[in-house]
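The values are calculated or read from the model by the stated rules, or taken from the named source; none is laboratory data. Since this is a predicted model, take the numbers as computed values, not measurements. Reconstructed Cβ throughout: ideal geometry from the backbone, glycine too, with neighbour counts over all protein chains shown.
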Amino acid sequence: MTPISIIIPAYNEVEGISKVIEHVKSFMSLEKIEHEIIVVDDCSTDFTADSAKAQGVTVMSHPINRGYGASLTTGLKKARYNNILIMDADESYPVKDVKKLLPYVDEYDMVVGARQGKHFHGSLLKRFSRMVFYVLLGYVTGEKIPDANSGLRIFKKDVVMQFEEDFCSGFSFTTTITIILFSNRYLIKFVPIDYMSRTGKSKVRHLHDTARTMQILLHTITYYNPIKAFLPFSLVSLFIFVISTGFYIFKIHDIFYGISAVISLIASMLFMAFGMATYAIVKGSRRQIR
């Protein structure tokens, strides 16, 4: 097995950080994998950093609270190895499940632990909102995604760091890299894993992070596949054209429906043209950057 850099972002996780590090050390030693452990303390107000340092691992500290994604980015820049394993400091991911991901590391650009169990699925409202979100994700990427924001995954540093300018500083970091890698045709494997009750208090702000995730979806689809951004508007306009034409020809010979049909058809064509033009511009600009 090639060496792995393990990055653990932590913010006020004094209750779980030591145990997580101990379990990671034990697992890596048992599997005989060369590794390094990097804990990024995001300006914790408890003894998270001290607890991590006591374990003899690399600890990096932010002078201000910058967010989950920013912490991962800090760890990525420090990491020595190309294979990156990220996991949370709250004991919600069983370290033993990393073994389920390892067989796919060489074949795929990113291997994601797809969470299972009652602690992941949650209430009916949470399940419904997640279902809507994943329908949108499927439309954006053209792929079936069982878990876009899992915090347990292994990926290639050189692949992900190409898109550093698009990283999200908050909890949507993992969702962002999932969408970006799919949009750029990289290989991603989802492997079912257990998800446990977390230790300590959750730092997720559901309303804020949901809004941020939707913003990322809009940004990503506009930048990486703008045709899909304009396609729904084109199809709606085309639908209105068909209905208006039907009313004008078969039922009501009213000039209003005739004008409506013409305007809708023009709008449909314009939306599709905008999408294609945007795609050509974005694709050309990305080639120039590379």
For this session: For the range 112-129, state whether one or more residues are of a type in the set (A, V, I, L, M, F, W, C) and assigned to a loop (DSSP other than H, G, I, E, B).
Result: no
Problem set entry | Cβ-Cβ under 8 Å pairs, at least 6 apart or on other chains, the range 118-134 side more than 16 Å from I179 (Cα to Cα), far side at pLDDT below 70 and assigned to a helix (DSSP H, G or I) | R127/H121; S129/T210
Exercise. For the range 156-175, what are the residues that are outside any loop (DSSP other than H, G, I, E, B) and either surrounded by fewer than 17 Cβ atoms within 10 Å (Cβ to Cβ) or out of contact with any Ser or Thr (no Cβ under 7 Å at 6 or more places or on another chain) (or both)?
Worked result: K156, K157, D158, V159, V160, M161, Q162, F163, E164, E165, D166, F173
For this session: Could you run through the range 151-176 and say how many residues are over 14 Å from I84 (Cβ atoms) and polar (S, T, N, Q)?
Result: 4
For this session: Looking only at the range 44-55, decide whether some residue is hydroxyl-bearing (S, T, Y) and either in a helix (DSSP H, G or I) or within 24 Å of Y195 (Cα to Cα) (or both).
Result: yes
Seminar exercise, completed: Residue hits (the range 59-89; farther than 21 Å from S29 by Cα and assigned to a loop (DSSP other than H, G, I, E, B)) are H62, P63, I64, N65, R66, G67
For this session: Looking for whichever is touching a residue at least 40 places away in the same chain (Cβ under 8 Å), of a type in the set (K, R) and surrounded by fewer than 18 Cβ atoms within 10 Å (Cβ to Cβ) here; the options are R80, R153. Which one fits?
Result: R80
For this session: Residue by residue through the range 91-103, note down the ones that are surrounded by fewer than 23 Cβ atoms within 10 Å (Cβ to Cβ) and part of a loop (DSSP other than H, G, I, E, B).
Result: E91, S92, P94
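Here is a yes/no grid of residues against (1) within 30 Å of V95 (Cβ to Cβ); (2) at pLDDT below 80:
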| residue | (1), (2) |
| --- | --- |
| F190 | yes, no |
| D209 | yes, yes |
| L218 | no, yes |
| L265 | no, no |
| M276 | no, no |
Exercise. Does the range 13-38 hold any residues that are of a type in the set (A, V, I, L, M, F, W, C) and out of contact with any Ser or Thr (no Cβ under 7 Å at 6 or more places or on another chain), and which are they?
Worked result: V20, I21, V24, F27, M28, L30, I33
